[in-house]
Amino acid sequence: MRGSFAQRLFGGFLLVLAAGLAVLGWQAHRFETRLFEARERAWAFRELSLAAAALPTSALQRHDSRELDAWCNRMGAAAGARITLVDSDGRLLGDSDVSLDSLTLVENHNDRPEVTQARAYGQGWARRHSHTLGLDLWYGAVPLPSERATKPVLRMAVPQARLANEEREQQRLLLFSLVVAFLTAAALALLSARVLGGRLRRALDAARRMGQGELDARAPEQPDDEVGRLGRSLNQMAARLEERLRELAEGRDQRERILAHMVDGVVLVGADGRVVHANRGFAAILGLAQPPAPGSRFLEEVRQPVLAGLLERARGHADALTEEITFFSPVQRTVEAAVVNLGGAGTGAQLLVMHDLSRVKLLERVRQEFVANVSHELKTPLTLIRGSAETLLDGGLEDEAHRRAFVEKIERHSERLQRIVEDLLELARLEQPGVRAGEESVDLAELARGVVQSFRDAAASRSLALEWHDPGGPVAVSGDVDMLERAIANLVDNAVKYTQQGSVSVRVGREAGVAFCEIRDTGPGIPAEHLSRIFERFYRVDQGRSRELGGTGLGLSIVRHVAELHGGSVRVESELGRGSVFRVEIPVAAALTS
Ligand code: ADP
């Protein structure tokens, strides 16, 4: 059944209304008909009793049809009805509608219901179609006084059509009332169906918009009936759905943020071989400009046969398959790749996680090199010390001319060992995870001045001019005084150590929020190809010269660590044969700048 709810409601109401009014109309019609009959009956019996009173009883006793028929004619004309006089034996003594001559031809009337009723109960009333007149008639009859057992009867026949006009008028009125009632009720029903339909439509509209994702749509909640409560339930559902969706979106955003910022490469490949999600780490590991877009074909975008093979192999595994694989293009990279079949072994989606091992490998190499370097550094002095000691024990102690030289050698190399161990310890301390420079206020000018002072003798012994450019006031930085002193001392020591002639000058100052200490020398300079590496541990430009001068190869490494721990840096400029400039820069804390 088609049509809106309001239309159907209205249609149903009309049906009920029409049926109700039809029953009501029919009952009213029946009631009215009965009323008319009762009125007719009352009128007929009043007329009959008046007529009976005026009956010429002598003519009746004589059975004088002539007189009685004439009397019937007069009474009939006066009452406007048919008056019939039935004798005890059923023959007609007079009839207003039948001529005197024809009276004997009329059939016996004793079996007429109104006649038998009148004789039995004193009144008779019947309705019948008169074949004599060809009309529907009411028949009223009363018995007349007589000594005979069977009484003569006076009968009056009234055509039912006598009050037809009045009846029709009443029926028209009834019909009109019914039509007015029907139309009024229909108009009111239409109005309320429209109102209810409109409210339902608004609730439906809100539900449809909610279904399309417009969760801020709201259904009317007033008035507080079933439709209002339906609206409230819809609104509560939408609000809860909105809340749930927001939580889900937050969770998804959070997961995406985590994935986006992960260093590890993560990619989810759908069962159809298309990318569902890939993070930036994945692009970075494979050297791609962008992570493959969702929906793109994984193998076409990534073009790494080694990954294709891994994904294929992983299909047969119920658990994660982890392998170390190496890519050779666009850059060589070793990764630990793990593939998980999200739907179990088979053809479902696959999650690939790649952990870059390049850094781990690099650290491993650096550690191995460091151990080798340390062993190498320690081995030489230890061999020399042991050799000297053995020589002394093998008779060298008796050799007065040379034994002092051996002992001095032992002392010199022991000192070197000590320096190496001290520098290593210092480096280890600086490299400890979580170590921080202190936050004491340090005057860099005063500190550098002290360091320069302590190198005066060393410089003088090498005939070097050691120049100090005083900044003319304090240069305050926040940090660790011992670390900073150690760093500046290392740089001044190198400058004095490696410069054969000329000068070493030390300058401290402040420029654009940065405090600096600059050590300039006129030494041999450092070849350009070594400049980027001299801050590495044990890196020396000239191994022999460094060792000869008692260097450990760790000094500049310590300087770089100290500078970085203070949030600063160290850099070098050098020209072969003309000298080098080392410059440490440390940002000045806001409180100290003022
Ligand atoms: P070392 O203990 O050997 O001096 P450093 O780490 O202090 O170790 O320095 C590393 C290398 O840098 C030195 O071996 C030296 O070759 C070079 N170097 C450092 N400072 C200077 C300088 N002022 N002039 C020339 N070369 C220098």
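The values are calculated or read from the model by the stated rules, or taken from the named source; none is laboratory data. The structure presented is a predicted model; accordingly, all values stated were derived computationally and were not measured. When we count neighbours, we look across all protein chains shown, and the Cβ atoms used for this are built from the backbone with ideal geometry, even at glycine. What goes into the accessible areas is simple: the full protein's heavy atoms, side chains included, and nothing from ligands, DNA or RNA. Shrake-Rupley method; radii C 1.70, N 1.55, O 1.52, S 1.80 Å.
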- All-pairs Cα distance distribution in segment 105-144, expressed in whole percent, bin size 10 Å: 32, 52, 16
- Query: Relative to the compact globular guide of 2.2 N^0.38 Å, what is the alpha carbon radius of gyration of segment 463-502, as a ratio?
  - Reply: 1.43
- Item | Kirkwood Rh, angstrom, segment 144-195 [1 / mean 1/r, Cα pairs] | 15.7
- Sorted largest first, extent of segment 285-428 alpha carbons per principal axis (Å): 88, 32, 24
- At q = 0.12 Å⁻¹, what base-10 log of I(q)/I(0) does the Debye formula yield for segment 1-138 when every alpha carbon is treated as an equal point scatterer in vacuo? -0.59
- Task: Would you check the accessible area of Val179, probe 1.4 Å, heavy atoms only, in square angstrom rounded to 10?
- Result: 70
- Query: Within segment 365-434, which GluC sites (Glu not before Pro) sit in a loop by DSSP and count at most 15 neighbouring Cβ atoms inside 10 Å?
  - Reply: Glu400
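For segment 257-336, state the semi-axes of the equivalent ellipsoid (square roots of 5 times the eigenvalues of the alpha-carbon gyration tensor), sorted largest first and rounded to whole angstrom.
On the way: eigenvalues 63, 51, 36 Å².
After diagonalising the Cα gyration tensor, the semi-axes are 18, 16, 13 Å.
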- Task: At q = 0.13, 0.20 Å⁻¹, work out log10 I(q)/I(0) for segment 397-441 with the Debye formula, treating every Cα as an identical point scatterer and leaving solvent out; two decimals please.
- Result: -0.52, -0.74
- Task: Inverting the mean 1/r over all pairs of different Cα atoms, compute the Kirkwood radius of segment 372-414 and quote it in Å.
- Result: 10.7
- Report, to the nearest 10°, how far helix 481-498 tilts away from the longest principal axis of the Cα atoms in the chain, using its own Cα long axis and a range of 0 to 90°. 50
- Task: Would you kindly find the accessible area of Thr391, with a 1.4 Å probe and non-protein molecules such as ligands, DNA and RNA excluded, rounding to the nearest 10 Å²?
- Result: 60
- Query: When the dipole is taken about the Cα centre of the chain, and only Lys, Arg (+1) and Asp, Glu (-1) are charged at their Cβ, what size is it in debye, to the nearest 20?
  - Reply: 2800
- Where in segment 477-541 are there trypsin sites (Lys or Arg not before Pro) that are in a DSSP coil and have at most 12 other Cβ atoms within 10 angstrom of their Cβ? Arg533
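Taking Cα atoms of segment 318-385, Rg/Rh with Kirkwood Rh, to two decimals? Write down the numbers at each step before the final one.
On the way: Rg = 20.6 Å, Rh = 15.3 Å.
The Rg/Rh ratio comes out at 1.35.
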- Query: At a 1.4 Å probe radius, carbon and sulfur cover how many percent of the accessible area of segment 53-116?
  - Reply: 51
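Starting from the exponent 0.38 and prefactor 2.2 Å, build the expected Rg for segment 407-484 from its residue count and divide its actual Cα Rg by it. Provide the component values of the computation, followed by the final result.
On the way: Rg = 16.9 Å, N = 78, 2.2 N^0.38 = 11.5 Å.
So segment 407-484 has a normalised radius of gyration of 1.47.
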- Message: What lysines does Lys379 reach when the alpha-carbon gap must be under 25 Å and sequence neighbours fewer than 8 apart in one chain are set aside?
- Response: Lys409, Lys497
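What do you get for GluC sites (Glu not before Pro) in segment 278-340 restricted to DSSP loop and a cutoff of at most 12 other Cβ within 10 Å of the site's Cβ? Walk me through the numbers on the way to the answer.
On the way: sites: Glu300, Glu301, Glu312, Glu323, Glu324, Glu336; in loops: none.
Within segment 278-340, no GluC sites (Glu not before Pro) qualify (loop, at most 12 other Cβ atoms within 10 Å).
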- In bins 10 Å wide, starting from 0, what share of all Cα pairs of the chain does each bin hold, as a percent? 3, 10, 10, 8, 8, 8, 6, 5, 4, 4, 4, 4, 4, 4, 4, 5, 4, 2, 1, 0, 0
- Assuming 0.890 mPa s and 25 °C, estimate D for segment 535-594 with Stokes-Einstein, Rh taken as the Kirkwood radius over Cα pairs, in µm²/s. 184
- Item | Carbon plus sulfur fraction of accessible area for segment 512-594, probe 1.4 Å, in percent | 50
- For Phe406, tell me the accessible area in Å² from a 1.4 Å probe, rounded to the nearest 10. 50
- Query: For segment 117-226, what mean projected area does the convex hull of the alpha carbons give, in nm²?
  - Reply: 15.0
- Quotient of C-alpha Rg and 2.2 N^0.38 Å, computed over segment 371-514: 1.41
- In 5 Å bins starting at 0, how do the alpha-carbon pair distances of segment 470-594 split up by percent? 2, 11, 21, 24, 19, 12, 7, 3, 1, 0
- Message: On C-alpha positions alone, give me the angle between the axis of helix 358-393 and the longest principal axis of the chain, in degrees, nearest 10.
- Response: 20
- Message: Suppose accessible area is computed on protein heavy atoms with a 1.4 Å probe; arrange Trp43, Trp138, Trp26 from highest to lowest.
- Response: Trp26, Trp43, Trp138
- Message: Please report Rg (one decimal) and Dmax (integer) in Å for the Cα set of segment 295-343.
- Response: 11.5, 33
